[in-house]
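Each value in this text was obtained by applying a stated rule to the coordinates, not by laboratory testing. What you see is a predicted model; the values in this text were computed from it and never measured. Positions of Cβ are generated from backbone atoms using ideal geometry, with glycine treated the same way; all protein chains shown enter the neighbour counts.
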Amino acid sequence: MSGLETYPTLEDLAAEALSTARIAAIAIREDVLHRLAPQERTGPELLVRMFGAREIFAPQVLDHLNALETPLVERITECTFVVDRAEAGEGNVSPVFWQEARTTEEVDGLSKALAVILELKFLLEAIQDRLAAEAAIEALRQAL
């Protein structure tokens, strides 16, 4: 490390989280909701409303993001399959074997949405961690 690295401020993280929440709302609305059973839509629909109202720092947001992550990962895993491939040309003495993951359009949409949801989740966790660190440092200062 050169010592010249800079880390994002709390304000930078919050601004990025707000921006990412806007993208996550679109991803949930366009790529996720219509692929969920009606009883699975309550949390994601609430997230879309909260993101639209810019209420992304409410404590329950992370709970809803975590709850949405699990079914998305399960659906992506269920709908992704592996194809064994081989290439043995005329001059190829030893054939080449490999595997390719194949997905559907549904999986592609869910994967893109999951990526944005995870990015938002990590940003919100980073904000919480930064706030907890600042509180711990302040408590330490008060104790000295």
HN-Hα couplings for segment 49-61 via Karplus (6.51, -1.76, 1.60; θ = phi - 60°), in whole Hz with x for Gly/Pro, come out as 5, 5, 5, x, 8, 6, 9, 8, 9, 5, x, 6, 4
The chain: relative contact order from alpha carbon pairs under 8 Å, six or more residues apart, as a whole percent, is 31 percent
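Mean projection of the alpha-carbon convex hull of segment 1-54 over all orientations, in nm²?
5.3 nm²
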Full extension between Ala143 and Leu18 adds, at 0.36 nm per residue less the Cα distance, a length in nm of 41.5 nm
For segment 27-35, Karplus-derived ³J(HN,Hα) couplings (6.51, -1.76, 1.60; θ = phi - 60°; whole Hz; x for glycine and proline) come out as 4, 5, 5, 8, 10, 10, 3, 6, 9
Rounded to the nearest 500, the 222 nm mean residue ellipticity computed for the chain from DSSP H runs (n ≥ 4, each -39500 (n - 2.57)) alone is -21500 deg cm²/dmol
From the Cα centre of segment 31-60 to that of segment 70-144, the distance in Å is 20 Å
Within the set Leu65, Leu131, Leu18, GNM on the chain using Cα springs under 10 Å gives the largest fluctuation to Leu131
Fewest to most Cβ atoms within 10 Å: Arg102, Arg29 sort as Arg102, Arg29
A correct Karplus calculation of ³J(HN,Hα) over segment 4-9, with 6.51 cos²θ - 1.76 cosθ + 1.60, θ = phi - 60°, whole Hz and x for Gly and Pro, returns 9, 5, 10, 10, x, 6
The ratio Rg/Rh over the Cα atoms of the chain, Rh being the Kirkwood inverse mean 1/r radius, stands at 1.18
